[in-house]
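Peer 1: Can you read through this structure? Questions will come right after.
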Amino acid sequence: YFLDEKNSTRTSAVYFDPQGKRCIIGYRWTVISDIKDVISDAQMVLDIQWIDPRIKDALNTYDTIRREYQWCEIWICGHSLWWTISYIVGKHRNPDRCVAFNPGASLNTFFMQMLQDTFKHAPWAEKTYTYKIFGDIISTFWFVGHTKTFSIQEVEPLKLHACLLYTSRCV
């Protein structure tokens with residue numbers, strides 16, 4: 001995969017594989033020290049996510065990538081707060097695949113619609129894959145599309161959610 005620097009931003013990275021004909025848009029995780037991330041998290045919980053400019057940016061990025069990489073499959077992925085953005089783009093743009101890692105949960109109307117879409121086998125939900133780590137307190141009760149839960153030995157639940165154990169073992 002090659003990084004598409006022109007279309008990547010501070011909140012998303014675009015990678016493409018010209019041989020495999022696949023383009024991946026990855027949305028980064030929440031940075032607790034970034035007030036904009038905290039505000040976005042709060043908007044998701046309060047069910048007013050549509051006022052977040054990141055939603056519009058994510059949809060525009062997808063549209064740009066669809067135009068520029070017409071010959072590619074487009075996959076989108078995100079973690080935690082950013083999985084919500086992935087799901088919103090998935091629901092409204094129908095990419096080839098939507099992948100979420102350790103999604104958070106909220107009992108607002110948007111999240112309830114996503115669960116309904118899963119149970120109804122909506123086309124976008126059928127192309128959605130959710131991966132969560134058993135014991136992650138933030139994503140424990142959440143699932144959309146095809147869900148896979150796996151275990152990792154870790155005693156600190158927030159490290160499980162943040163996937164910090166991967167980065168610390170890879171350094």
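Peer 1: Under 6 Å between Cβ atoms, which residue pairs at least 6 apart in sequence (or on different chains) link something in region 114-142 that is loosely packed, with under 13 Cβ neighbours inside 10 Å with a partner that is of a type in the set (A, V, I, L, M)?
Peer 2: 141/105
Peer 1: I need the full set of residues from region 1-38 which are open to solvent by 100 Å² or more (accessible area, probe 1.4 Å), under 20 Å from residue 99 (Cα atoms) and either in contact with a helix residue (DSSP H, G or I) (Cβ under 7 Å, 6 or more places away or on another chain) or outside any strand (DSSP E or B) (or both), in order please. Lay out the reasoning, then the answer.
Peer 2: Here is the first cut: in region 1-38, the residues open to solvent by 100 Å² or more (accessible area, probe 1.4 Å) are 1-2, 5-6, 10, 19, 21, 29, 32-33, 35-36.
Right, trim to under 20 Å from residue 99 (Cα atoms) and you get 1-2, 10, 21, 29.
Hits for region 1-38 are 1, 10, 21, 29.
Peer 1: Turning to a different aspect of this structure: How about region 75-93: which of its residues are modelled with pLDDT under 85 and assigned to a strand (DSSP E or B)?
Peer 2: 79
Peer 1: Return the residues of region 39-60 that are assigned to a helix (DSSP H, G or I) and either open to solvent by 30 Å² or more (accessible area, probe 1.4 Å) or touching a strand residue (DSSP E or B) at 6+ places or on another chain (Cβ under 6 Å) (or both); say none if nothing qualifies. Before the answer, list the steps.
Peer 2: As a first pass, look at region 39-60 and keep what is assigned to a helix (DSSP H, G or I): 39-45, 49-51, 53-60.
Within region 39-60, 39, 41, 42, 45, 50, 51, 53, 56, 57, 60 meet the criteria.
Peer 1: Output yes when any residue across region 65-79 is touching a residue at least 60 places away in the same chain (Cβ under 8 Å), closer than 19 Å to residue 130 by Cα and of a type outside the set (Gly, Ala, Ser), and no when none is.
Peer 2: yes
Peer 1: May I pose another question? If the Cβ limit is 7 Å and pairs must be 6+ apart or interchain, which residue in region 3-16 that is charged (D, E, K, R) pairs with which residue that is buried (at least 17 other Cβ atoms within 10 Å of the Cβ)?
Peer 2: 4/14; 4/16
Peer 1: Continuing with this model, one more query. Scan region 54-89 residue by residue and report those that are among the small types (Gly, Ala, Ser) and touching a Ser or Thr at 6+ places or on another chain (Cβ under 6 Å).
Peer 2: Our first condition is that a residue be among the small types (Gly, Ala, Ser); within region 54-89, this holds for 58, 78, 80, 86.
Matches in region 54-89: 78, 80.
Peer 1: Of everything in region 86-140, what is in contact with a Gly (Cβ under 7 Å, 6 or more places away or on another chain) and hydrophobic (A, V, I, L, M, F, W, C)? Give them in sequence order.
Peer 2: Within region 86-140, 98, 100, 124, 125, 138 meet the criteria.
Residue by residue, here is whether (1) over 14 Å from residue 86 (Cβ atoms); (2) part of a loop (DSSP other than H, G, I, E, B) holds:
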site: 100; (1), (2): no, no
site: 104; (1), (2): no, yes
site: 114; (1), (2): no, no
site: 118; (1), (2): yes, no
site: 144; (1), (2): no, yes
site: 152; (1), (2): yes, yes
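Peer 1: Still on this structure, I have one more. When residues of region 75-123 are filtered for being over 27 Å from residue 36 (Cβ atoms) and not β-branched (Val, Ile, Thr), how many remain?
Peer 2: 11
Peer 1: Taking region 68-89 as the search range and keeping residues that are farther than 12 Å from residue 23 by Cα and not hydroxyl-bearing (Ser, Thr, Tyr), which one is most open to solvent (accessible area, probe 1.4 Å)?
Peer 2: Looking only at region 68-89, we keep the residues that are farther than 12 Å from residue 23 by Cα, and these are 78-89.
Subsequent filtering for residues that are not hydroxyl-bearing (Ser, Thr, Tyr) retains 78-79, 81-83, 85, 88-89.
Numbers: 78: 4, 79: 24, 81: 8, 82: 3, 83: 2, 85: 3, 88: 1, 89: 1 Å².
So, considering only residues that are farther than 12 Å from residue 23 by Cα and not hydroxyl-bearing (Ser, Thr, Tyr), the one most open to solvent (accessible area, probe 1.4 Å) is 79.
Peer 1: Also, I was wondering about something else. If residue 92 passes every condition in (1) open to solvent by less than 50 Å² (accessible area, probe 1.4 Å); (2) closer than 30 Å to residue 116 by Cβ but one, which one does it miss?
Peer 2: (1) is the only condition that residue 92 fails.
The values are calculated or read from the model by the stated rules, or taken from the named source; none is laboratory data. Just so you know, these numbers come straight off a predicted model, no measurement behind them. Counting neighbours? That spans all protein chains shown, and the Cβs are built from the backbone with ideal geometry, glycine included. Just so you know, the surface numbers come from the protein's heavy atoms only, side chains and all, with ligands and any DNA or RNA stripped out. Shrake-Rupley method; radii C 1.70, N 1.55, O 1.52, S 1.80 Å.
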